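> I have a structure I would like to understand better, so I am pasting it below and will then ask my questions one at a time.
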Amino acid sequence: MAILITNIKELVQVEEQPVTRVAGAAMAEIKTLTNAWLYIEQGRIRDFGTMPCDELRLMKESASDQQNSSSPKMQDDLSRIDATGRMVFPSFCDAHTHLVYAGSREKEYIDKIRGLSYEEIARRGGGILNSARRLHEATEEELTEQASARLQEIMMTGTGAVEIKSGYGLNVEDELKMLRVIRRLKATSPLTIVPTFLGAHAVPAAYIGRQEVFVDLVIREMIPRVAEEGLADFIDVFCDRGFFTVVDTERMLEAGAKFGLRPKIHANELDYSGGIQVGVKHNALSVDHLEFTGEEEIQCLLNSETMPVILPGAAFFLGMRYAPARAMITAGLPVAMASDFNPGSSPSGNMQLILSMACINYRMLPAEAVHAVTINGAYAMGLNKDYGSIARGKVANVFITRPIPGIEFMPYAFGSNKVETVILNGKVING
Ligand code: NIG
Ligand code: FE
């Protein structure tokens, strides 16, 4: 199976030498090829260049490469796509979602409109505890069906790789149920899925006032069971005011590390919680949310391997302050942006909308925003070797836009789907 896309108006984010992530001033520079072609073979990006495309050379190289292999020859099953007037982007890499959940929480939305805060809603038994009750009642099949529909939706708006967290279980069996659903989705979806264990998402009602006992449960029972079944790649903790403390967080991260689970944590959404510092101390791959980030937190992130991940959908939906993306970039940090797709604070996984919010609310340039939702998102999931840019040998996850005038049109035309053709693992996906 091979695909040759020709007459591409602009091929975005091409890399001759793939980088792990893009930081600081470099975020504003994006390499593109105008009037380009892209050749995909056996699920990977094989080559690209500017028109005209020397097809004969590609055929010869492909044939000689495959002489000793049993795979079909390029000529046998080449599909051609003429992309005149259209642009090609690497698929979005959404590094933070909670998209396995039961039902929805639009009633709380009304409470929010009336002025209740996220924490007030949580204290009334709404919020995460509400989703946990519904998840408890749902079967694996029901959860899989609902999440599949969400995956389908994000796929058709340009996402190619996505992290999904547990966290609506709040007890051993329900956490395992959620993670098994994520495993099922991973096995059946064309999307690349990264599972994260978020046992400590909220303190269940029965543990209020003695939350260290719940932390013990996470450490003694949940983490070993999750690791035993190989259900997660990462461990997350909601380290914030009213949720888990720095001390709780350290205990859980240390326990996770013993089972090879690297942290990716919720930090500094509601306060200067110390979450960023504890994440960096434990070499978290990412710290996420970051509405409360000051100079001290920025200094801490510099010279670390931890990616700051901003979640514009949650800040928008909850009417929160915006994380200081510009200050981070000026300081030389990389910034990733993710959807946070979840029923309580960001009921959308549309990464095109995230691009628009990056530019409008965080004053990021379109090129910076594109890096934030592709290569830096891939880094925040440990996927940057294979995803997040147009580079030879990377997995062929790309989308072709409808005819558009330029890169900046992507964030500019907010609210409409600019993605026309989705290609994942080198195959065209039909909506
Ligand atoms: O990332 N902040 C914590 N967790 C989620 C919200 C989950 C929910 O409200 O259901 C978030 O915003
Ligand atoms: Fe989240």
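> What's the FRET efficiency of Glu212 with Thr330 using the Cβ-Cβ distance as r and R₀ = 41 Å, to the nearest 0.05?
Using R0 = 41 Å, I get an efficiency of 0.55.
> Given the DSSP H assignment, sum -39500 (n - 2.57) over each helix run of at least 4 residues in the chain and divide by its residue total; what's the result at 222 nm in deg cm²/dmol, nearest 500?
The per-residue figure over the chain is -10000 deg cm²/dmol.
> How would you rank 241-254, 143-156, highest first, on the average number of other Cβ atoms within 10 Å across their residues?
241-254, 143-156
> Please work out the Cα center distance from region 348-389 to region 226-262, rounded to the nearest Å.
Answer, in whole Å: 25.
> At 0.36 nm per residue, minus the direct Cα-Cα distance, what do Ala63 and Asn283 gain on full extension? Give it in nm, one decimal, please.
Net length gain for the segment: 74.7 nm.
> Something else now. Hey, if we sort Ser104, Ser131, Ser273 by accessible area with the 1.4 Å probe, largest down, what's the order?
Result of the area sort, largest leading: Ser104, Ser273, Ser131.
> Ok, one more. Calculate what fraction, in whole %, of the accessible area of the chain sits on carbon and sulfur atoms when a 1.4 Å probe is rolled over the protein chains.
52
> Give the dimensionless ratio obtained when the Cα radius of gyration of region 1-153 is divided by 2.2 N^0.38 Å.
For region 1-153, the normalised Cα radius of gyration comes out at 1.60.
> Now for a different question. Post the alpha-carbon centroid distance, region 278-303 to region 120-174, in whole angstrom.
Value for the Cα centre distance between the two parts: 26 Å.
> Quick one: angle between helix 246-258 and the longest Cα principal axis of the chain, in degrees between 0 and 90, rounded to 10, please.
50
> Can you tell me the FRET efficiency between Ser148 and Arg402 if r is taken as the Cβ-Cβ distance and R0 is 35 Å, rounded to the nearest 0.05?
So, using R0 = 35 Å, E works out to roughly 0.85.
> Say each of Arg241 and Glu173 gets a label point 7 Å from the Cα, pointing the same way as Cα to Cβ; how far apart are those two points in nm?
Inter-label distance under the simple model: 3.8 nm.
> Share of antiparallel DSSP beta bridges in the chain, in percent to the nearest 5?
Here the share of antiparallel DSSP bridges comes out near 45 percent.
> Given a Förster radius of 45 Å and the C-beta distance between Val428 and Glu29 as r, what FRET efficiency does 1/(1 + (r/R0)^6) yield to the nearest 0.05?
Computed FRET efficiency for Val428 and Glu29 comes out at 0.90.
> Then there's this: Output the relative contact order of region 92-379, whole-number percent, from Cα pairs under 8 angstrom with separation of 6+ residues.
So the answer I get is 19 percent.
The values are calculated or read from the model by the stated rules, or taken from the named source; none is laboratory data. Note that this is a predicted model, so its numbers are computed, not measured. With ideal geometry, Cβ positions are generated from the backbone for all residues, glycine too; neighbour counts draw on all protein chains shown. For accessibility, only protein heavy atoms count, side chains too; no ligands or nucleic acids. Shrake-Rupley method; radii C 1.70, N 1.55, O 1.52, S 1.80 Å.
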